[in-house]
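The values are calculated or read from the model by the stated rules, or taken from the named source; none is laboratory data. Predicted model, so just to flag it, every value in this text is computed and none were measured. Cβ: placed from backbone, ideal geometry, glycine included. Neighbour counts: every protein chain shown. These accessible areas exclude ligands, DNA and RNA; they are computed on the full protein's heavy atoms, side chains included. Shrake-Rupley method; radii C 1.70, N 1.55, O 1.52, S 1.80 Å.
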2 protein chains.
Amino acid sequence: MVLTVVKAEIRIVLKHGVADPEGENTRKALELLGFKGVKSVKTIKVFEMELDMGAEEARAACEEMCRKLLANPVIQTYTVELK
Amino acid sequence: MVLTVVKAEIRIVLKHGVADPEGENTRKALELLGFKGVKSVKTIKVFEMELDMGAEEARAACEEMCRKLLANPVIQTYTVELK
């Protein structure tokens, strides 16, 4: 049996309007270090996975993983990209 | 004075061979939830920034930010992509 390995990139992004304290604190720290002109900093979480299955199955599995574990639907959205 | 706003995406990736406990624990949790075929999970940190400067200046600034604050050169590498 031959199995393909699919690489998937899952991005977990905060919804628009949700506070991003880590990003905001990073912006402040950069300002204190003397970096000018940094208007905003947002943080994004990325999971890069290797999946032992076909592409269609992998996409469906990744979306289910986001719903069940990786993302909090109240404050986060997710995108799945196969490579 | 007209200033352009440049969007930059900075990716902080663990170097090859460095342990990624968060990724490994995510893989285990997915397995416990019944997801089959997940061979590996790696975590990547992404900073998305808006910078009030030209493109060349923005790229240089982002690389300096990585060296000074965002990345740990012992275990992490970084890439800067302007949008």
**OP:** Would you work out what percent of the accessible area of the protein assembly as shown, with all protein chains in place, is carbon or sulfur (probe 1.4 Å)?
**Re:** 55 percent
**OP:** Enter the angle in degrees (range 0 to 90, nearest 10) between the Cα long axis of helix B:55-65 and the first principal axis of the Cα atoms of chain B, meaning the one along which they spread out most.
**Re:** 50 degrees
Subject >> Per-residue SASA entry for B:Glu24, accessible area with 1.4 Å probe, Å² rounded to 10 >> reply: 70 Å²
Original post:
Roughly how big is the A-B contact, given as buried accessible area in Å² (both sides, 1.4 Å probe, nearest 100)?
Top reply: 2900 Å²
**OP:** Return the single residue from B:Arg27, B:Arg59, B:Arg11 with maximal mean-square fluctuation; model: Gaussian network over chain B, springs between Cα atoms under 10 Å.
**Re:** B:Arg27
Original post:
Where Lys and Arg each count +1 and Asp and Glu each count -1, what net charge lies around A:Arg27 among other residues with Cβ under 13 Å from its Cβ?
Top reply: -3
**OP:** State the residue of chain B whose Cβ is nearest the axis carrying B onto A, and the distance in whole angstrom.
**Re:** B:Val46, 3
Original post:
Amide H to amide H, which residues 5 or more places from A:Lys39 or on other chains are under 5 Å from it, using H placed in the peptide plane?
Top reply: B:Glu50, B:Leu51, B:Asp52
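Over the range B:6-82, give the accessible area per residue in Å² for a 1.4 Å probe, as an integer.
55 Å²
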**OP:** Report, for A:Val5, each distance to the same residue's label point in the other copies, shortest first and in nm; define the point 7 Å along Cα→Cβ.
**Re:** 4.1
Original post:
Relative to the longest principal Cα axis of chain B, at what angle does helix B:21-32 sit, 0 to 90 degrees, rounded to 10?
Top reply: 40 degrees
Subject >> Selection from A:Gly17, A:Cys62, A:Phe47, by position along the positive dipole direction of chain A (Cβ) >> reply: A:Gly17
Subject >> Mean separation of Cα contacts under 8 Å (6+ apart) over length of chain A, as relative contact order % >> reply: 52 percent
Original post:
For chain A, how many pairs of lysine residues have a Cα-Cα distance under 14 Å, where the two are 8 or more positions apart or belong to different chains?
Top reply: 6
Original post:
Per residue of chain B, what 222 nm ellipticity follows from adding -39500 (n - 2.57) for every DSSP H run with n ≥ 4, rounded to the nearest 500?
Top reply: -8500 deg cm²/dmol
**OP:** Classify the range B:6-82 as rounded, prolate or oblate from the Cα gyration tensor: take a ≥ b ≥ c as the square roots of its eigenvalues, call it rounded if a/c is under 1.5, otherwise prolate when a/b beats b/c and oblate if not.
**Re:** prolate
